[in-house]
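Working notes, structure below.
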Amino acid sequence: MSRHQNIGTGRAAANMALIKYWGKRDTQLYLPTTGSLSLPLTQFVSTTTCEASDDGDVLYLNGVKATTGQHQKAWRVIQQFRALTGQQNSICVRSHNNFPTAQGLASSASGLAALTKAANQYYGTKLAPHLLSMIARQGSGSAARSIERGIMLWHKGRHRDGIDSYAEPIQNSHAILQKLQLAFVTILTPATEKDVSSTVGMRLENYPRSIYNKWVRQNTKDLKEILEAFHQLDLPRIGDITERNFMRLHLLIESAHKPIRYWKEDAPHILGRIRAMRQSGLPAWATMDAGHIVTILTTRTASITVASMCEDFGTTIIHDLTQK
Ligand code: 2P0
């Protein structure tokens with residue numbers, strides 16, 4: 001039997017999906033209705049520690065005791081390590097994000113991936129990355145894509161028990177990122193925490209079935225096409241698929257029985273600016289998650305110009321995707 005360490009530490013970067021995940025075919029195991037694909041937001045990192053607690057199970061997020069919802073996500077991860085090792089002692093989890101949370105920046109992805117890595121060290125389980133991805137998935141779906149850095153493909157999987165639903169870097173991921181010299185620019189603009197969490201927003205019963213099924217078919221097609229485009233190093237095609245994929249997600253979300261809107265008023269202006277940059281020859285394509293923040297897919301060379309051309313909208317952060 002594995003023995004736990006005094007303290008386990010894990011670090012993970014947030015990720016931004018180019019092909020989005022939105023809906024679960026199994027809400028207990030967090031199995032998605034479609035595959036998805038992401039790149040890391042290398043500047044947005046969570047660091048998490050696990051250690052023994054004399055005071056029951058406790059979770060601190062950025063130094064503050066966590067809410068019940070956050071607690072449940074973390075404990076779905078910890079429960080899996082307890083089941084694997086038989087160790088039931090109370091633990092204290094501390095997680096720090098170096099970026100704003102709950103604004104559509106997938107803090108749960110990096111936080112739960114970092115927790116999974118910390119727990120793997122604390123419990124001495126030495127699990128392979130794809131198994132960690134499966135565990136992280138059950139904390140928060142998008143966390144499956146934050147265990148490793150690279151062009152991360154989360155397989156939809158076919159099995160009911162979820163054994164084939166995990167994320168891994170695509171073949172030659174690092175070499176492709178080096179060749180394309182990709183970067184993200186994130187525009188941080190102020191906002192309050194969002195009204196509808198992703199978990200609630202993506203419930204299948206929110207959507208007319210025919211509209212949702214159409215989105216599933218299109219998302220599946222987008223995933224196949226973007227994989228081809230990555231292997232062909234075809235950046236304009238990657239960018240076009242990325243933009244259309246996020247726009248279709250937001251159209252789906254707005255078609256909910258009770259419409260949900262994650263956009264804020266400045267988004268159309270930012271998207272217009274990005275289109276104008278592209279028309280002037282700059283490589284720049286937009287994407288947005290379930291939040292108001294716009295992220296731009298670009299190249300390292302263009303990223304400084306792209307960032308400076310968006311500074312009037314908010315604080316710009318450049319993520320170099322060639323970093324390992
Ligand atoms: C994604 N999002 O692919 C999509 C795009 C937001 C929009 O994954 O219920 O926090 O914990 O699995 O992972 C956000 O959803 O939801 C998300 P749960 P999660 O990145």
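The values are calculated or read from the model by the stated rules, or taken from the named source; none is laboratory data. These numbers come from a predicted model, not from an experiment. Cβ placement follows ideal geometry from the backbone for every residue including glycine, while neighbour counts extend to all protein chains displayed.
If you go through the stretch 103-158 and keep only what is among the aromatic types (Phe, Trp, Tyr) and out of contact with any His (no Cβ under 6 Å at 6 or more places or on another chain), you end up with just Trp154.
So that you can scan it fast, the table gives a plain yes or no per residue for (1) exposed (fewer than 14 other Cβ atoms within 10 Å of the Cβ); (2) in the same structural domain as Arg300 (by TED's automatic domain parsing); (3) modelled with pLDDT under 95:
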site: Thr189; (1), (2), (3): no, yes, yes
site: Asn206; (1), (2), (3): no, yes, no
site: Lys224; (1), (2), (3): yes, yes, no
site: Gln232; (1), (2), (3): yes, yes, no
site: Asn245; (1), (2), (3): no, yes, no
site: Ile270; (1), (2), (3): no, yes, no
site: Met277; (1), (2), (3): no, yes, no
